Amino acid sequence: MKKAIAILVSMLMVIAFGSAVLAQEKAPAEKKAAAPAEKKKAEKKAAVKEQWIKGGEVTAVDTTANTVTIKTKKGEVVVGVNDKTKIHYGKAKKTIADIKAGDKVTAGYTEADGKNVAKSIAIWHVKAVKKAAKKTKKTEEKPAETK
């Protein structure tokens with residue numbers, strides 16, 4: 001009986017130590033596999049960072065290549081337009097064909113594969129801004145009439 005218990009205890013110890021050794025060997029392999037996945041997630045997050053152009057002036061529009069060139073204080077930025085890009089003038093939805101050189105715009109874009117892709121473009125026509133400025137200037141210049 002003592003021999004049977006000794007054999008049983010020794011077998012349990014072999015199984016316990018054997019499983020512990022196998023568990024230790026698998027852990028580093030899992031960490032190595034997880035590391036590239038974490039790097040890819042970090043790269044995607046870095047690539048998704050959205051940048052903004054506020055008050056830029058459109059210098060060129062290419063409807064065939066679906067690009068808009070916007071002049072900013074730092075230089076010119078070329079942004080691509082795709083089917084997901086939201087273009088609007090006030091509350092009205094517009095297309096790339098509605099954007100003209102000389103328009104003031106605010107654009108949000110991300111960089112993907114070395115190209116800037118616009119998420120949204122808000123158009124502010126220069127003519128409309130100038131007309132509004134002239135109206136306010138005229139009302140300020142008129143003297144108040146007295147009776």
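See the values below:
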{"quantity": "Amide hydrogen neighbours beyond the local backbone of Lys94, cut-off 5 Å, H modeled", "calculated": "Ile87, His88, Tyr89"}
{"quantity": "Protection-proxy order for peptides 81-92, 105-116, each taking the mean of Cβ atoms within 10 Å per residue, highest first", "calculated": "105-116, 81-92"}
{"quantity": "Lys93/Lys49 FRET efficiency (R0 25 Å; Cβ-Cβ; nearest 0.05)", "calculated": "0.45"}
{"quantity": "Amide H within-cut-off set for Asp103, under 5 Å, with H built and near neighbours excluded", "calculated": "Val58"}
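Bear in mind that the values in this text are calculations on the coordinates, not laboratory data. No experiment lies behind these values; they were computed from the predicted model shown. Glycine gets a Cβ as well: all are built from the backbone with ideal geometry, and neighbour counts include every protein chain shown.
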